[in-house]
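Student: Please see the structure below; I have some questions.
The values are calculated or read from the model by the stated rules, or taken from the named source; none is laboratory data. Since this is a predicted model, take the numbers as computed values, not measurements. Note that we place each Cβ from the backbone using ideal geometry, even for glycine, and neighbour counts take in every protein chain shown.
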Amino acid sequence: MAVVSKLNNLVDLAREKSSERRRTLLREVTDLFFEEVPSQGSATSRKFDEVLSSLAEQTAQDAREELSQRFSEAPEAPRGLVLQLAQDAIEVAAPMLAKSSVLSNDDLLSIAETAGQGHLKAMSGREDVCERLSDTIVRRGDDETVAKLIRNDGARLSRETFETVTERAESSPVLQGPLVEREDTPNDLLADLMLTVGNSLRERIVERFDTVDPALLEQAMEASRARLAERLEEDKAVAAAQKFVQSMAVRKQLNGNLLARLLREREFTKFYVAFAEMTGVDIVAARRAVQQESIDPLALICKSAGFEKALFVTLAVLRGAADENAFKDARELGQLYDKISGDDAARAMRFWRMRKSVAA
C-alpha cells in the first residue's frame with residue numbers, strides 16, 4: 001500500500017476523540033514519515049505536514065516533546081510542523097530551536113524578537129548562529145543566555161555586539177569568563193576587562209597578551225584607553241578635578257592623607273584623578289578600582305605604587321559606606337595585601353600603565 005494511502009487511512013482514524021488514541025496516531029504517522037522520508041515541499045510532505053500539525057495541536061505536551069525530539073534533526077521535516085513546534089512551550093521548542101536545519105535565519109530572528117529566555121538560550125547553542133541572530137540574542141537575552149552564546153564557538157559576533165557584551169561584563173561576572181576564554185574576543189576589549197575581572201581571569205588575559213605582537217598590543221591598549229576615556233570626557237567635573245590635583249601637587253599635598261580625605265568626603269572625581277596621578281594608571285582604571293565589587297584591582301594598583309598597607313586598608317574601607325563598623329574587616333584586608341607580591345602587582349600593572357603611556 002502506498003504511503004499516501006496509509007496516511008489517509010490514519011487520518012480517518014484520527015476522527016476519534018480519545019486523547020490517548022490521538023497520541024498513538026501521532027506516533028504512527030511519525031513512524032510512517034520516517035519509513036520513506038518524502039522530499040520537502042512535495043505533495044506527500046505537505047500532506048504529512050497537515051496531518052502532523054493537526055494531531056500535534058490536539059495532543060498533550062509530553063507527546064509534542066517527543067515529536068520535537070524526533071523531527072529536530074530531520075533535514076526533510078515538514079516546515080509547518082517545525083515552525084509550530086519551535087514556537088511551542090520551551091520544553092517542546094528547545095530541540096527544534098537548538099538543532100533543526102529546517103529553520104532559516106529569518107525564522108529564528110522572527111522567533112527571537114518575541115521569545116522568552118528559554119527559547120533564546122536554546123538558539124544560543126545552535127551549531128551555527130549568524131551575526132544578526134547573535135545581535136538579537138544579546139539585545140534581548142539575560143546574562144545567562146548571553147554567556148551561553150559567547151561560549152558557543154559556532155556563534156558569529158559583530159564588533160558592535162562584542163563591545164556591547166564587554167560593557168555588560170564590567171558588572172556581570174557571568175559574562176567575564178566566556179569573553180576572556182573566547183578565542184576571537186578583540187584584544188582591546190580584553191584590555192577593557194583588565195580592571196574588572198578577578199585574579200585568575202586577569203592572569204589568563206595577561207597570558208594571551210604575552211603571545212600578541214607588541215605593536216598590535218600597543219594599538220589594542222590605545223583603542224581601549226581611548227574608548228573608556230571617552231566615557232569621562234562628558235564629565236566636566238574631571239577638568240575641575242585635574243586643576244585641583246595640580247594645585248595640591250604644587251603645594252606638595254598630593255599624598256595618602258589627601259586620598260583618604262577625598263574618599264571620606266565622597267569627592268570621588270577628585271579622588272580618581274589624584275589616585276591616577278599617584279599610581280601611574282589612567283582615570284578610568286582608578287574609577288574602576290573603586291567602583292567594582294572586587295578589591296583585587298585596588299590592591300594590585302596600591303601594591304605596585306608602593307602604598308603602605310595602612311593606606312590601602314583605609315582606602316579599601318572608605319570606598320564603601322564608612323560607618324562605625326567600617327574597620328571591622330581591616331585585619332583581613334591587611335592580610336590580603338601582604339599576600340600580594342611585588343612581582344604579581346607589576347605583572348598586572350604592566351598592561352594598565354601601557355595604556356596611559358601610549359596615550360602620552
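Student: Return yes or no: is Phe307 modelled with pLDDT of 80 or more and either within 25 Å of Arg225 (Cα to Cα) or aromatic (Phe, Trp, Tyr) (or both)? Break it down stepwise before answering.
Tutor: On the way: modelled with pLDDT of 80 or more: yes; either within 25 Å of Arg225 (Cα to Cα) or aromatic (Phe, Trp, Tyr) (or both): yes.
Spelling it out, Phe307 is indeed modelled with pLDDT of 80 or more and either within 25 Å of Arg225 (Cα to Cα) or aromatic (Phe, Trp, Tyr) (or both).
Student: Here's something else I'd like to know. So which of Pro95, Pro78, Pro38 is without any contact (Cβ under 8 Å) to a residue 60 or more places away in the chain and either within 26 Å of Ala155 (Cβ to Cβ) or among the aromatic types (Phe, Trp, Tyr) (or both)?
Tutor: It is Pro95.
Student: While we're on this one: Where in the stretch 78-149 are there helices (runs of 4 or more DSSP H), lying wholly inside it, with at least 3 residues that are under 24 Å from Ser45 (Cα atoms) and under 23 Å from the mean Cα position of the chain (by Cα)?
Tutor: Values: elements: 79-86, 90-99, 105-112, 117-124, 131-140.
Qualifying helices (runs of 4 or more DSSP H): 90-99, 105-112.
Results for (1) among the polar types (S, T, N, Q); (2) touching a Cys at 6+ places or on another chain (Cβ under 9 Å); (3) under 19 Å from Val284 (Cα atoms), shown as yes or no for each residue.
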{"site": "Ala155", "(1), (2), (3)": "no, yes, no"}
{"site": "Ser171", "(1), (2), (3)": "yes, no, yes"}
{"site": "Val180", "(1), (2), (3)": "no, no, no"}
{"site": "Glu183", "(1), (2), (3)": "no, no, no"}
{"site": "Leu193", "(1), (2), (3)": "no, no, yes"}
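Student: Does Val206 satisfy the condition of being within 35 Å of the chain's Cα centre (by Cα) and outside any helix (DSSP H, G or I)?
Tutor: Working: within 35 Å of the chain's Cα centre (by Cα): yes; outside any helix (DSSP H, G or I): no.
Against the criterion (within 35 Å of the chain's Cα centre (by Cα) and outside any helix (DSSP H, G or I)), Val206 does not qualify.
Student: Which of the residues belonging to the stretch 43-64 are in contact with an Asp or Glu (Cβ under 8 Å, 6 or more places away or on another chain) and either within 22 Å of Ser104 (Cβ to Cβ) or surrounded by 18 or more Cβ atoms within 10 Å (Cβ to Cβ) (or both)?
Tutor: Looking only at the stretch 43-64, we keep the residues that are in contact with an Asp or Glu (Cβ under 8 Å, 6 or more places away or on another chain), and these are 45, 61, 64.
Within the stretch 43-64, Ser45, Arg64 qualify.
Student: Within the stretch 277-323, which residues are touching a residue at least 40 places away in the same chain (Cβ under 8 Å), aliphatic (A, V, I, L, M) and assigned to a helix (DSSP H, G or I)?
Tutor: Ile283, Val284, Ala285, Ala289, Ala299, Leu300, Ile301, Leu311, Leu315, Leu318
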